[in-house]
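The values are calculated or read from the model by the stated rules, or taken from the named source; none is laboratory data. Source: prediction; values computed, not measured. Note that we place each Cβ from the backbone using ideal geometry, even for glycine, and neighbour counts take in every protein chain shown.
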Amino acid sequence: MRSQAIAAVTGSLALAATLTACGGNSAASDEKVVTVYSADGLKGEGGKGWYDQVFKDFEKKTGIKVKYVEGGSGEMVQRALREKVNTQADVMVTLPPFIQQADGKGLLQKYEPKGAEHVDGADKAENGNWTAIVNNYFSFVYNKKELKQPPATWEELLDAKYKNKLQYSTPGVAGDGTAVLIKAMHDFGGKDAAMEYLKKLQANNVGPSSSTSKLAPKTDKGELLVANGDVQMNFAQAKSMPNLGMWFPKKGGGKPTTFALPYAAGLVKGAPHTENGKKLLDFMLSEQAQKQVSSVGGGFSARSDIKATDANAIELTKLMDGVEVFQPDWADIDKNLSAYVDAWKSATGS
């Protein structure tokens with residue numbers, strides 16, 4: 001979702017740029033491999049994230065090694081586009097609206113994983129080209145040590161005490177950065193009002209960031225007082241960041257709001273290891289993996305039939321209490337994303 005061109009590799013495997021272009025017996029040697037291009041947030045530090053557990057279990061069960069490449073949601077789509085004539089990825093995982101963007105650019109092929117029938121209709125494509133694997137919600141973070149309580153409203157963030165102590169990731173590049181635009185347009189009642197506010201907020205903004213995941217450590221250390229993020233990623237990060245708290249801004253006089261920002265996965269069109277990609281998608285939506293979404297990953301199961309009762313699930317439910325969840329018009333956002341990002345750039349001088 002967030003950081004650009006950051007690659008992490010499972011085990012000792014390195015991503016070969018010429019994976020399918022190699023001669024000789026490469027096809028045979030790569031038979032037990034599946035390559036995942038993903039937004040960050042699901043792979044934990046110290047190997048304790050949901051991906052870490054799922055990939056380990058998947059490899060043990062199938063013998064198929066997972067090659068993992070991580071970056072911003074937009075960056076992953078652009079990378080796959082550049083490689084369209086020589087496809088490297090088998091599975092792509094991004095946040096909205098980038099999964100819709102990938103589908104619209106012809107990067108995905110139809111495959112409905114086992115268990116997809118338990119995923120709500122709003123969290124999967126009508127054409128069967130992508131399905132949510134981890135549910136998630138947009139949020140902000142704050143430093144609990146420096147602030148006794150988070151700023152309740154968007155308007156409070158305009159206060160001079162936040163000058164150079166506030167940062168949000170770049171819309172159009174990071175999924176969570178794009179989410180700032182979506183939430184602001186909803187809360188302020190439209191594009192023009194949102195851009196007028198974000199223009200004022202720019203006076204306090206540190207500047208662009210291609211990585212949302214890097215903002216939480218800065219907030220925990222006190223370099224920032226507030227930043228954007230998402231519930232799953234920040235909940236997991238907070239386990240090792242004692243000063244990190246989460247909050248949901250509201251417009252003065254309104255309610256705190258958020259919207260679903262699921263990690264959505266699709267099978268890449270022309271994937272070099274299509275069958276292995278299908279197996280991994282099936283495994284990620286399996287009951288075993290979905291029951292670990294909250295307990296291991298700090299997120300919400302994408303399957304409506306999985307009722308998590310672990311300590312993390314209970315804490316997450318309390319966090320969301322009283323927060324109004326709205327449904328973005330993803331078709332409109334997909335169609336007009338470039339225009340919205342251009343309006344933001346114009347308003348903020350970015």
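Numbers below:
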quantity: The range 261-288: number of residues that are over 21 Å from A89 (Cβ atoms) and surrounded by fewer than 24 Cβ atoms within 10 Å (Cβ to Cβ); calculated: 3
quantity: Filter result (among the small types (G, A, S) and not in a helix (DSSP H, G or I)) within the range 145-168; calculated: A152
quantity: Subset of the range 294-330 [over 30 Å from G189 (Cα atoms), touching a His at 6+ places or on another chain (Cβ under 7 Å) and outside any loop (DSSP other than H, G, I, E, B)]; calculated: R303
quantity: Selected residue [touching an Asp or Glu at 6+ places or on another chain (Cβ under 9 Å), part of a loop (DSSP other than H, G, I, E, B) and assigned by TED's automatic domain parsing to the domain that holds V77] from A271, A289; calculated: A271
quantity: Subset tally (residues that are over 20 Å from A260 (Cβ atoms) and of a type in the set (A, V, I, L, M, F, W, C)) for the range 109-153; calculated: 2
quantity: Answer from A122, A160 - the residue that is hydrophobic (A, V, I, L, M, F, W, C), under 18 Å from the mean Cα position of the chain (by Cα) and surrounded by fewer than 19 Cβ atoms within 10 Å (Cβ to Cβ); calculated: A122
quantity: Residues within the range 210-240 that are surrounded by fewer than 19 Cβ atoms within 10 Å (Cβ to Cβ), under 21 Å from the mean Cα position of the chain (by Cα) and at pLDDT 95 or above, tallied; calculated: 2
quantity: Residues located in the range 221-243, provided they are within 20 Å of K163 (Cβ to Cβ) and among the charged types (D, E, K, R); calculated: K221, E223
quantity: Sole residue being buried (at least 18 other Cβ atoms within 10 Å of the Cβ), farther than 30 Å from G277 by Cβ and not hydroxyl-bearing (S, T, Y), chosen from V141, V91; calculated: V141
quantity: Only listed residue being assigned to a loop (DSSP other than H, G, I, E, B) and modelled with pLDDT under 95, chosen from P113, P171; calculated: P171
quantity: Residue among T258, T178 that alone is crowded, with 21+ Cβ neighbours inside 10 Å and farther than 23 Å from D321 by Cα; calculated: T178
quantity: In the range 192-209, the residues that are under 22 Å from F259 (Cβ atoms) and modelled with pLDDT under 95; calculated: S209
quantity: Residues within the range 103-118 that are in contact with a Phe, Trp or Tyr (Cβ under 8 Å, 6 or more places away or on another chain) and crowded, with 24+ Cβ neighbours inside 10 Å, tallied; calculated: 1
quantity: Looking only at the range 42-60, and only at residues there that are in a helix (DSSP H, G or I) and not charged (D, E, K, R), the one that is nearest to V296 (Cα to Cα); calculated: W50
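Yes/no per residue for (1) of a type outside the set (V, I, T); (2) in contact with a helix residue (DSSP H, G or I) (Cβ under 6 Å, 6 or more places away or on another chain); (3) touching a residue at least 24 places away in the same chain (Cβ under 8 Å):
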{"site": "A271", "(1), (2), (3)": "yes, yes, yes"}
{"site": "K278", "(1), (2), (3)": "yes, no, yes"}
{"site": "I306", "(1), (2), (3)": "no, yes, yes"}
{"site": "L316", "(1), (2), (3)": "yes, no, yes"}
{"site": "L319", "(1), (2), (3)": "yes, no, yes"}
{"site": "E324", "(1), (2), (3)": "yes, no, yes"}
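For every residue, the table says whether it meets (1) under 26 Å from E146 (Cβ atoms); (2) at pLDDT 95 or above.
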position	(1), (2)
W247	yes, yes
G253	no, no
T258	yes, yes
L261	no, no
G270	no, yes
T274	no, yes
A289	no, yes
R303	no, yes
